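Undergrad: Attaching a single structure in structure tokens format; questions to follow.
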Amino acid sequence: MPKVKTKKAAAKRFKKTGNGELKRMKAYKSHILTKKSAKRKRNLRKAAITDPTNSKVMKKILPYL
């Protein structure tokens, strides 16, 4: 069986937590920040856990994570 290649774009965006979940950063924090409230921008700083419905696909594209 050949080796499976990791999708490098995904590898840069996701990290695995201690109990096997995938951690990601939130979107909408790069530009047009003047119209967004301070509370909204503060909450976008925090990391989030990837939804479990995507876990099957994520395991395929990140086989060695």
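Undergrad: Let me have the relative contact order for the chain, percent, based on Cα pairs under 8 Å that are six or more residues apart.
TA: Details: 54 pairs, mean separation 27.9, N = 65.
Relative CO of the chain lands at 43 percent.
Undergrad: Also, I was wondering about something else. How many percent of the accessible area of the chain is carbon or sulfur, using a 1.4 Å probe? Working shown, then result.
TA: On the way: 3380 of 5900 Å².
Within the chain, the accessible surface is 57 percent carbon and sulfur.
Undergrad: Leaving out ligands and nucleic acids, note down the accessible area per residue over the chain with a 1.4 angstrom probe, in whole Å².
TA: Values: 5900 Å² over 65 residues.
With the other protein chains kept in place, the chain gives 91 Å² per residue.
Undergrad: Over 26 Å between Cα atoms: which of LYS39/LYS59; LYS8/LYS36; LYS12/LYS60; LYS12/LYS35; LYS7/LYS46; LYS5/LYS29 fall into that group? Intermediate values should be presented prior to the final figure.
TA: Values: LYS39/LYS59 33 Å; LYS8/LYS36 31 Å; LYS12/LYS60 15 Å; LYS12/LYS35 29 Å; LYS7/LYS46 24 Å; LYS5/LYS29 30 Å.
Among LYS39/LYS59; LYS8/LYS36; LYS12/LYS60; LYS12/LYS35; LYS7/LYS46; LYS5/LYS29, the Cα-Cα distance tops 26 Å for LYS39/LYS59; LYS8/LYS36; LYS12/LYS35; LYS5/LYS29.
Undergrad: Next question. Which of LYS46, LYS15, LYS35 ends up with the largest GNM mean-square fluctuation for the chain, with Cα atoms connected below 10 Å?
TA: Per the Cα network of the chain with a 10 Å cutoff, LYS35 tops the list.
Undergrad: If you place +1 on the Cβ of every Lys and Arg, -1 on the Cβ of every Asp and Glu, and leave all else neutral, what size is the dipole of the chain about its Cα centre, to the nearest 20 Debye? Each step should come with its number before you reach the end.
TA: Details: 23 positive and 2 negative charges, 72 e Å.
With Lys and Arg at +1 and Asp and Glu at -1, about 340 debye.
The values are calculated or read from the model by the stated rules, or taken from the named source; none is laboratory data. Here the structure is a predicted model, which is why all the values come from computation and not from measurement. Cβ atoms come from the backbone with ideal geometry, glycine included; neighbour counts cover every protein chain shown. Just the protein is used for accessible areas: all its heavy atoms, side chains included, with ligands, DNA and RNA removed. Shrake-Rupley method; radii C 1.70, N 1.55, O 1.52, S 1.80 Å.
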